[in-house]
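Below is one structure, written out as structure tokens; the observations come after it.
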Amino acid sequence: MDDPAVAGLAAVLSPAGQALLASLPPYDDEGALALGQRLRAAGHDPVLVAGALTQSRLRARARAKFGPFADDMLFTAAGLEQATRLEVAARHARRFAAAGVRRVADLGCGVGGDALALAGLGVDVLAVDRDEPTAAVAAANLRRFPGSEVRCEDVAATDLTGVDGAWLDPARRDDAGRRVLDPRRASPPLSFAVELAHRLPVGVKTAPGIDHDLVPGAVGSPVGGPVGGPVASAPWECQWTSVDGDVVEAALWSPALARPGVRRSAVVVRGGVAAVVDDVHDPFAAGAPPVGPVGGYLYEPDGAVVRAGLVGAVVAALDGRLVDPSIAYVTADRHLELPSATGYAVDEVLPFGLKPLRARLRERGVGRLVVKKRGTAVEPEELRRRLGRLEGPHEAVVVLTRVAGRQSALLCRALPRPAP
Ligand SMILES: C[S@@+](CC[C@H](N)C(=O)[O-])C[C@H]1O[C@@H](n2cnc3c(N)ncnc32)[C@H](O)[C@@H]1O
């Protein structure tokens, strides 16, 4: 075995490797070198020691995605980076379970983030990955679920007999390791999933930046063009998800798994609590929300809501308006805590200019400043540097944006978010 990472993993998969890994103390970056030396001095195979310490380090890192379950899992570094975090995978799994799907093919299963969530809900999984070490790790992670099976093969060759649903989380890196944003060029490509959806309920994970026109069934969807398969005409649901402010994915759900009438939706997860916004409840989903003057409050819709094109739902919930037709800031005359948007109290609206802004911050005794921007080329770091040293007991948020086409600086204060 030429690759030391693969050799280390193979050693850890042995019973002796499992025993050594189980005996390790909680991972500590600073102590890892000395621990490795002690283990080798105690007679443990150096390849195994390296493999066990790697797993220990990856487990510590994986807690951010899998919580305490990480301590019972194995990883590859690339597999961990690509794995779906548990709370998001659980939402995928619930869709299949709610639709009555009993055996899901996870086609390109990686280390098994999604497969584990499915198996944990009692859905059997046929997990497939063409990469040998990755498939071996998935098999180790799924070992407690007798209804699950892992195969190391290309998904194009997978026999789907007995399967009644498919999940795909295609690899989004090319051979040179560069990110692939177009789902038609991911592996497997979107056309593969669309083709499958003629036979099975299908869910597909894509990057949050997916072009809305690429969602199968969208008017003008080019899936089925030169790099795609057949054109899908029935509507799919595209659901964007953010976790604690980061938009992590857009999942495409074939007609059999889409919610009735919903084409676009956003899930905003904060502190483990999820709120769903969908186009069925956005009165402006098919049109433009109103635009008007800045009121007493400004709201920054969550990134998943913006990506889903559902800012209108925030406008409607607040009985508000946009500050500019092309910018996702909503303003309103009252404060309402919404899970889908962060609110600020607006103290002042200034035409953008360094000197007047600096003067107002000094007058207000602002010593700590958060700079936010949308629709302007000014860089927050650059602005902070040019404002120079600020002194005072107060904290402020400056929002740089266009208001009715004019570059403006809104002097604001952060408002409390709803408790999760
Ligand atoms: C993004 S990862 C999946 C992550 C997984 N959902 C998780 O939560 O752990 C994609 C995986 O698809 C596999 N893959 C890509 N193309 C494949 C193909 N044609 N056949 C089988 N596996 C494939 C890659 O090896 C990679 O492990």
Within the range 312-322, which residues are crowded, with 24+ Cβ neighbours inside 10 Å and out of contact with any Lys or Arg (no Cβ under 9 Å at 6 or more places or on another chain)?
Gly312, Ala313, Val314
Which pairs turn up if I take residues in the range 75-97 that are touching a residue at least 60 places away in the same chain (Cβ under 8 Å) and under 22 Å from Gly271 (Cα atoms) and look for partners that are outside any helix (DSSP H, G or I) and of a type in the set (S, T, N, Q) with beta carbon separation below 6 Å, at least 6 apart in sequence or on another chain?
Val88/Thr241
From Leu252, Leu257, residue being under 23 Å from Phe192 (Cα atoms) and assigned to a strand (DSSP E or B):
Leu252
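Rundown of residues vs (1) among the hydroxyl-bearing types (Ser, Thr, Tyr); (2) closer than 20 Å to Leu298 by Cα; (3) not in a loop (DSSP other than H, G, I, E, B), yes/no style:
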{"residue": "Gly367", "(1), (2), (3)": "no, no, yes"}
{"residue": "Leu390", "(1), (2), (3)": "no, no, no"}
{"residue": "Arg402", "(1), (2), (3)": "no, yes, yes"}
{"residue": "Ser408", "(1), (2), (3)": "yes, yes, yes"}
{"residue": "Cys412", "(1), (2), (3)": "no, yes, yes"}
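Condition check ((1) near the ligand (Cβ under 8 Å from one of its atoms); (2) closer than 26 Å to Ala275 by Cα; (3) modelled with pLDDT of 95 or more; (4) surrounded by fewer than 24 Cβ atoms within 10 Å (Cβ to Cβ)) across all residues:
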residue: Arg94; (1), (2), (3), (4): no, yes, yes, yes
residue: Ala105; (1), (2), (3), (4): no, no, yes, no
residue: Ala117; (1), (2), (3), (4): no, yes, yes, no
residue: Leu121; (1), (2), (3), (4): no, yes, yes, yes
residue: Ala127; (1), (2), (3), (4): no, no, yes, no
Whichever residue in the range 129-168 is among the charged types (D, E, K, R) and more than 8 Å from the ligand (Cβ to nearest atom) and, among such residues, is farthest from Gly113 (Cα to Cα):
Asp159
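Taking the criterion of being under 20 Å from the mean Cα position of the chain (by Cα), more than 22 Å from Ala193 (Cβ to Cβ), surrounded by fewer than 18 Cβ atoms within 10 Å (Cβ to Cβ) and not basic (Lys, Arg), would at least one residue in the range 282-296 satisfy it? Lay out the reasoning, then the answer.
First, pick out the residues of the range 282-296 that are under 20 Å from the mean Cα position of the chain (by Cα): none.
No, the range 282-296 contains no residue that is under 20 Å from the mean Cα position of the chain (by Cα), more than 22 Å from Ala193 (Cβ to Cβ), surrounded by fewer than 18 Cβ atoms within 10 Å (Cβ to Cβ) and not basic (Lys, Arg).
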Do the conditions hold for Ala304, that is, is it among the hydrophobic types (A, V, I, L, M, F, W, C) and either modelled with pLDDT under 95 or not assigned by TED's automatic domain parsing to the domain that holds Gln407 (or both)?
no
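Gly165: touching a residue at least 24 places away in the same chain (Cβ under 8 Å), of a type in the set (Gly, Ala, Ser), farther than 27 Å from Val6 by Cα and touching a Phe, Trp or Tyr at 6+ places or on another chain (Cβ under 9 Å), yes or no?
On the way: touching a residue at least 24 places away in the same chain (Cβ under 8 Å): yes; of a type in the set (Gly, Ala, Ser): yes; farther than 27 Å from Val6 by Cα: yes; touching a Phe, Trp or Tyr at 6+ places or on another chain (Cβ under 9 Å): yes.
In short, yes.
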Select from the range 323-353 the residues that are of a type in the set (A, V, I, L, M) and in contact with a Lys or Arg (Cβ under 6 Å, 6 or more places away or on another chain) and write down the one among them that is surrounded by the fewest Cβ atoms within 10 Å (Cβ to Cβ).
Ala345
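The values are calculated or read from the model by the stated rules, or taken from the named source; none is laboratory data. Predicted, not measured: the structure shown is a model, and the values here were computed from it. Positions of Cβ are generated from backbone atoms using ideal geometry, with glycine treated the same way; all protein chains shown enter the neighbour counts.
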